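Colleague: This is the structure I want to talk about, given as structure tokens.
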Number of protein chains: 2
Amino acid sequence: MGEPIAFRCVSCGREYDPWSVDYACPRCGPLSGTLEVLYDYRALARRLVPGSFAETRRNSLWRYEELLPVGVEYAVPLRPGWTPLYESPTLAAELGLGALWIKDDTLNPTASCKDRGTAVAVAAARKLGRDACACASTGNAATSLAGFCAAAGIPCYIFVPKNAPRPKVAQLLAFGAMVFVVDGTYDEAYELAIQAADRFGWYNRSDGWNPMVVEGNKTGALEVWEQIGEASLDFALVAAGDGSVVSGVCKGFQELVKVGLADRVPRVYGVQAAGAAAIAHAFERHEQGRPILPAEEGADTVADSIRVGKPRDVVKAVRYVAATGGGFVTVTDDEIVSGAQELARRAGVFAEPAGAAPWAGLVRLLREGAVPEGAKVVLFITGSGLKDPEGALRGLPEPTLIPPRIEAVAEAVGG
Amino acid sequence: MGEPIAFRCVSCGREYDPWSVDYACPRCGPLSGTLEVLYDYRALARRLVPGSFAETRRNSLWRYEELLPVGVEYAVPLRPGWTPLYESPTLAAELGLGALWIKDDTLNPTASCKDRGTAVAVAAARKLGRDACACASTGNAATSLAGFCAAAGIPCYIFVPKNAPRPKVAQLLAFGAMVFVVDGTYDEAYELAIQAADRFGWYNRSDGWNPMVVEGNKTGALEVWEQIGEASLDFALVAAGDGSVVSGVCKGFQELVKVGLADRVPRVYGVQAAGAAAIAHAFERHEQGRPILPAEEGADTVADSIRVGKPRDVVKAVRYVAATGGGFVTVTDDEIVSGAQELARRAGVFAEPAGAAPWAGLVRLLREGAVPEGAKVVLFITGSGLKDPEGALRGLPEPTLIPPRIEAVAEAVGG
């Protein structure tokens with residue numbers, strides 16, 4: 001296990017003894033004061049070689065235990081991570097890319113990348129002896145926490161906005177979580193989860209609040225590095241809502257350099273919906289030398305998983321992405337939906353709208369020239385289309401109803 | 001690759017040169033004449049050792065290429081198989097079992113075990129140079145074929161009954177398949193698919209028709225054997241609709257004995273809905289020395305994936321299961337639904353109703369004494385709850401809608 005040496009405030013830089021604080025820097029508070037988990041990278045560099053992770057023979061994110069704050073002995077019996085990476089030479093050629101990889105994080109236990117952060121957060125809860133978990137979420141983090149708590153046998157309290165898609169609510173109910181559908185926005189649900197967790201002693205897994213989440217999320221990048229092998233990677237694209245997933249992707253690539261396993265980090269791009277682009281706007285301000293905060297805006301998009309008006313990991317997301325030389329790109333709902341359809345039709349990967357946003361972002365970055373011809377690109381696909389089938393289908397024609405007769409088929413196929 | 005030495009009719013025993021026939025024994029026809037793929041087991045026994053599959057370093061069913069009729073060079077770039085196996089000591093203890101494992105086949109690329117058969121069938125289509133695929137299905141085999149054809153870049157023609165759950169239809173449309181919703185039963189859709197595939201030259205993946213399907217399905221058993229390691233296994237339970245999945249599970253365990261990697265096969269039980277129990281009834285007839293066919297009955301159950309009145313792989317299913325010393329068990333819809341809820345709540349695995357039927361079957365077999373105390377049991381969970389959220393939720397209370405105020409939470413949790 002990679003014993004953390006400090007929890008550091010991402011804004012003021014103050015360092016705390018590991019596990020001495022649960023969530024945000026007491027001085028800077030939430031939003032500004034999200035904590036980063038630091039390790040002894042020099043010691044890790046001496047110990048780790050490229051084959052170290054494969055040696056564990058673990059087909060889950062626990063193969064990266066050396067770079068995680070909690071040991072596998074606290075892991076819940078589900079299999080988060082080690083999801084497939086698909087290379088698509090055909091699509092790469094069509095787009096003029098040197099290589100295109102699709103990281104299919106829909107194949108996590110509860111069908112989204114949120115299982116990565118949850119796996120580490122629930123393991124931390126067990127290590128810390130907390131006997132219940134809670135979180136606010138647009139949907140996927142909640143279903144993920146509910147699933148892992150079910151497998152762990154501990155109670156789970158969930159706060160979701162009332163517009164969460166039905167399949168996500170179904171998962172929550174099936175997993176036996178106590179579900180509060182908050183008559184308000186995600187942001188109101190988020191504040192309520194903090195208050196309630198505080199009052200009732202629940203361990204709060206919410207994005208941007210619990211530093212364990214980014215530790216789990218970073219394993220997506222570690223996997224891509226290991227799965228790509230010798231080939232270099234120029235760009236990584238991932239959807240951004242609260243900013244915890246894109247922060248994790250950046251941190252993963254950066255830590256590989258810190259421990260001497262990689263020479264450089266790819267440029268990481270966060271993809272946001274045009275109608276819910278608070279981090280993208282904060283990034284612009286940061287590029288102009290202005291403060292990242294306040295980042296609070298309206299949030300309107302078909303992509304419910306990134307429908308976030310007040311992104312909770314905005315400071316990390318902006319700073320980490322900037323450090324990779326990447327940026328943020330916004331895409332319209334139409335681009336998101338047709339991206340999801342293209343991804344399913346061309347690659348056989350069925351994503352929810354937010355999950356497919358990186359495809360739309362890539363198309364736009366290519367058009368704008370930010371991603372040059374010949375570049376090698378990975379898209380992180382973060383949530384299954386089964387999480388929101390209607391969202392992914394918008395505009396597609398309904399199937400043909402036919403009588404059970406061959407003539408009807410012949411007519412339809414023009415045969 | 002495990003070069004097949006013959007395709008043999010399961011009823012008359014006549015052997016055909018591999019690949020000389022696509023589907024059923026020309027003499028016996030469909031239902032009776034389903035084909036079995038045979039290998040040179042003696043040669044394989046000389047070559048294979050327990051570590052042979054791990055050596056391939058493939059995290060998919062293609063690690064078993066030596067026991068498959070098609071080589072990995074024809075595989076589509078998706079990751080079928082090598083799904084997780086979870087051990088649950090808590091549930092085992094509660095049920096009085098020696099061990100309980102849950103094989104989570106919901107984590108296949110299109111979220112059901114059908115991806116196993118599809119992976120091998122589509123690879124066969126590529127090997128044979130067929131340029132389009134088709135199948136009839138209650139839903140999961142169809143979505144699976146649509147996904148793999150999308151990744152392969154070949155057209156796909158799908159025949160589903162009009163009562164298929166919406167999320168499955170959504171997957172089909174997203175993957176760009178040409179979908180025929182047949183105004184009739186699954187059985188009518190099935191016949192129509194055979195006719196249409198024949199007329200238009202499509203390679204037909206339908207269960208019980210294409211012998212490649214059972215070859216893919218058997219890898220579920222191979223994985224369980226490899227994942228369990230040294231521990232012995234007494235019983236394996238899996239839902240049965242057409243009978244191709246349970247046939248595959250039996251064949252996998254049996255081939256492990258044939259190639260000298262295992263000493264014995266576990267007793268395999270097929271689990272059917274009480275309202276769609278044609279194979280279970282055929283099995284009873286067979287036990288009484290009467291002919292297996294005709295197996296044609298009504299089909300009425302909440303578990304759409306096993307809502308099959310005329311099971312197409314009934315002969316294989318009955319004979320293979322009998323050879324393991326197992327049997328069939330039927331469960332009511334209420335038992336299926338509460339099984340799905342129990343599985344999600346206790347193990348964190350969210351299954352569609354059919355997927356969770358083995359849990360219900362286990363409870364019944366324990367009650368009847370067919371599974372004795374101390375037995376070691378694996379349940380194959382075949383399809384994700386996201387495929388049919390409403391089916392899995394029947395009878396569960398809806399979540400609480402609350403205003404965004406801490407008092408509302410306190411009231412609900414009694415704090």
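The values are calculated or read from the model by the stated rules, or taken from the named source; none is laboratory data. Predicted, not measured: the structure shown is a model, and the values here were computed from it. When we count neighbours, we look across all protein chains shown, and the Cβ atoms used for this are built from the backbone with ideal geometry, even at glycine.
Colleague: Would you tally the residues in segment A:15-48 being closer than 26 Å to A:Gly241 by Cα and either without any contact (Cβ under 8 Å) to a residue 60 or more places away in the chain or among the β-branched types (Val, Ile, Thr) (or both)?
Modeller: 10
Colleague: Further question on the same structure: Is it the case that some residue within segment A:243-263 is within 14 Å of another protein chain (Cβ to nearest Cβ) and touching a residue at least 40 places away in the same chain (Cβ under 8 Å)?
Modeller: no
Colleague: Quick check: is even one residue across segment B:59-69 assigned to a loop (DSSP other than H, G, I, E, B) and within 12 Å of chain A (Cβ to nearest Cβ)?
Modeller: Within segment B:59-69, one or more residues are assigned to a loop (DSSP other than H, G, I, E, B) and within 12 Å of chain A (Cβ to nearest Cβ).
Colleague: Now a separate question. Give the residues of segment B:320-376 that are of a type in the set (Val, Ile, Thr) and assigned to a helix (DSSP H, G or I), sorted by residue number. Steps first, answer last, please.
Modeller: Applying the first criterion (of a type in the set (Val, Ile, Thr)) to segment B:320-376 yields B:321, B:324, B:329-332, B:336-337, B:349, B:363, B:371.
B:Val321, B:Thr324, B:Ile336, B:Val337, B:Val363 - these are the residues of segment B:320-376 that are of a type in the set (Val, Ile, Thr) and assigned to a helix (DSSP H, G or I).
Colleague: Return the total of residues in segment A:154-170 being at the interface with chain B (Cβ under 7 Å from one of its Cβ atoms) and out of contact with any Lys or Arg (no Cβ under 8 Å at 6 or more places or on another chain).
Modeller: The number of residues fulfilling the criteria is 4.
Colleague: Restricting to segment A:258-292, name every residue that is exposed (fewer than 15 other Cβ atoms within 10 Å of the Cβ) and under 22 Å from the mean Cα position of the chain (by Cα).
Modeller: A:Arg264, A:Glu284
Colleague: Next question. Hey, B:Lys387 hits all of (1) within 16 Å of the chain's Cα centre (by Cα); (2) at pLDDT 95 or above; (3) over 19 Å from B:Gly275 (Cβ atoms); (4) within 14 Å of another protein chain (Cβ to nearest Cβ) but one; which does it fall short on?
Modeller: Of (1) within 16 Å of the chain's Cα centre (by Cα); (2) at pLDDT 95 or above; (3) over 19 Å from B:Gly275 (Cβ atoms); (4) within 14 Å of another protein chain (Cβ to nearest Cβ), only one is false for B:Lys387: (2).
Colleague: Report yes if some residue within segment A:40-54 is surrounded by 19 or more Cβ atoms within 10 Å (Cβ to Cβ) and hydroxyl-bearing (Ser, Thr, Tyr); otherwise report no.
Modeller: No, there is no match, as no residue in segment A:40-54 is surrounded by 19 or more Cβ atoms within 10 Å (Cβ to Cβ) and hydroxyl-bearing (Ser, Thr, Tyr).
Colleague: Determine whether B:Gln272 is among the polar types (S, T, N, Q) and either in a strand (DSSP E or B) or without any contact (Cβ under 8 Å) to a residue 24 or more places away in the chain (or both).
Modeller: Judged against the criteria, B:Gln272 is a match.
Colleague: Which numbered condition in (1) within 14 Å of another protein chain (Cβ to nearest Cβ); (2) in contact with a strand residue (DSSP E or B) (Cβ under 6 Å, 6 or more places away or on another chain); (3) touching a residue at least 40 places away in the same chain (Cβ under 8 Å) is the only one that A:Ala239 fails?
Modeller: (1)
Colleague: What single numbered condition from (1) surrounded by fewer than 17 Cβ atoms within 10 Å (Cβ to Cβ); (2) more than 25 Å from B:Ile228 (Cα to Cα) fails to hold for B:Glu373?
Modeller: Unmet condition: (2).
Colleague: While we're here: For segment A:362-384, what are the residues that are farther than 16 Å from A:Asp234 by Cβ, more than 14 Å from chain B (Cβ to nearest Cβ) and hydrophobic (A, V, I, L, M, F, W, C)?
Modeller: Result: A:Val363, single match.
Colleague: Which of the residues belonging to segment A:376-396 are buried (at least 17 other Cβ atoms within 10 Å of the Cβ) and within 20 Å of A:Thr330 (Cα to Cα)?
Modeller: Of everything in segment A:376-396, those that are buried (at least 17 other Cβ atoms within 10 Å of the Cβ) and within 20 Å of A:Thr330 (Cα to Cα) turn out to be A:Val377, A:Val378, A:Leu379, A:Phe380, A:Ile381, A:Thr382, A:Gly383, A:Gly391, A:Ala392.
Colleague: Looking at segment B:74-127, which of its residues are within 8 Å of chain A (Cβ to nearest Cβ) and on the phi > 0 side of the Ramachandran plot?
Modeller: B:Trp82, B:Ala111
Colleague: Here is a follow-up. Within segment A:75-88, is even one residue within 28 Å of A:Ala295 (Cβ to Cβ) and among the charged types (D, E, K, R)?
Modeller: No; the residues of segment A:75-88 include none that is within 28 Å of A:Ala295 (Cβ to Cβ) and among the charged types (D, E, K, R).
Colleague: A follow-up question, please. Residues in segment B:204-242 that are assigned to a strand (DSSP E or B) and closer than 17 Å to B:Asn108 by Cβ: how many?
Modeller: The qualifying residues number 2.
Colleague: Hey, can you tell me all the residues within segment B:148-180 that are in contact with a Pro (Cβ under 6 Å, 6 or more places away or on another chain) and part of a helix (DSSP H, G or I)?
Modeller: Answer for segment B:148-180, where residues must be in contact with a Pro (Cβ under 6 Å, 6 or more places away or on another chain) and part of a helix (DSSP H, G or I): B:Ala151, B:Pro167, B:Ala170.
Colleague: Give the residues of segment A:397-415 that are loosely packed, with under 15 Cβ neighbours inside 10 Å, at the interface with chain B (Cβ under 7 Å from one of its Cβ atoms) and within 30 Å of A:Glu335 (Cβ to Cβ), sorted by residue number.
Modeller: The answer is A:Thr400, and nothing else.
Colleague: A follow-up question, please. Identify, by number, the condition in (1) at pLDDT below 95; (2) more than 24 Å from A:Thr143 (Cα to Cα); (3) buried (at least 24 other Cβ atoms within 10 Å of the Cβ); (4) under 19 Å from the mean Cα position of the chain (by Cα) that B:Gly355 doesn't meet.
Modeller: Result: B:Gly355 passes all but (2).
Colleague: Then there's this: For segment B:113-147, give me each residue that is touching a strand residue (DSSP E or B) at 6+ places or on another chain (Cβ under 7 Å) and not in a loop (DSSP other than H, G, I, E, B).
Modeller: B:Val122, B:Ala125, B:Cys133, B:Ala134, B:Cys135, B:Ala136, B:Asn140, B:Ala141, B:Ala142, B:Ser144, B:Leu145, B:Ala146
Colleague: Still on this structure, I have one more. Out of B:Val371, B:Val318, B:Val337, B:Val329, which single residue is of a type in the set (A, V, I, L, M) and touching a His at 6+ places or on another chain (Cβ under 9 Å)?
Modeller: Just a single option satisfies the conditions, and that option is B:Val318.
Colleague: Looking only at segment A:193-214, count how many residues are surrounded by 24 or more Cβ atoms within 10 Å (Cβ to Cβ) and among the basic types (Lys, Arg).
Modeller: 1
Colleague: Another question, then. Which of the residues spanning segment A:128-141 are within 11 Å of another protein chain (Cβ to nearest Cβ) and out of contact with any Ser or Thr (no Cβ under 6 Å at 6 or more places or on another chain)?
Modeller: Going residue by residue through segment A:128-141, those that are within 11 Å of another protein chain (Cβ to nearest Cβ) are A:132, A:134, A:136.
A:Ala132, A:Ala134 - these are the residues of segment A:128-141 that are within 11 Å of another protein chain (Cβ to nearest Cβ) and out of contact with any Ser or Thr (no Cβ under 6 Å at 6 or more places or on another chain).
Colleague: Given A:Leu91, A:Leu97, which one is in a helix (DSSP H, G or I), closer than 23 Å to A:Asp234 by Cα and in contact (Cβ under 8 Å) with a residue 40 or more places away in the chain? Reasoning before the result, please.
Modeller: On the way: A:Leu97 fails: in a helix (DSSP H, G or I).
Just a single option satisfies the conditions, and that option is A:Leu91.
Colleague: Step by step: first the residues of segment A:171-192, then only those that are small (Gly, Ala, Ser) and either under 30 Å from B:Glu352 (Cβ atoms) or more than 9 Å from every other protein chain (Cβ to nearest Cβ) (or both), then the one that is surrounded by the fewest Cβ atoms within 10 Å (Cβ to Cβ). Which residue is that? Walk me through how you get there before you give the answer.
Modeller: Taking segment A:171-192 first, the residues small (Gly, Ala, Ser) are A:174, A:176-177, A:184, A:189.
So of that shortlist, the ones also either under 30 Å from B:Glu352 (Cβ atoms) or more than 9 Å from every other protein chain (Cβ to nearest Cβ) (or both) come out as A:174, A:176-177, A:189.
Working: A:Ala174: 28, A:Gly176: 20, A:Ala177: 26, A:Ala189: 27.
Ranking the qualifying residues of segment A:171-192, first place goes to A:Gly176.
Colleague: Evaluate the following for A:Ala344: is it of a type in the set (Gly, Ala, Ser), facing another protein chain (nearest Cβ under 8 Å) and more than 24 Å from the chain's Cα centre (by Cα)?
Modeller: No.
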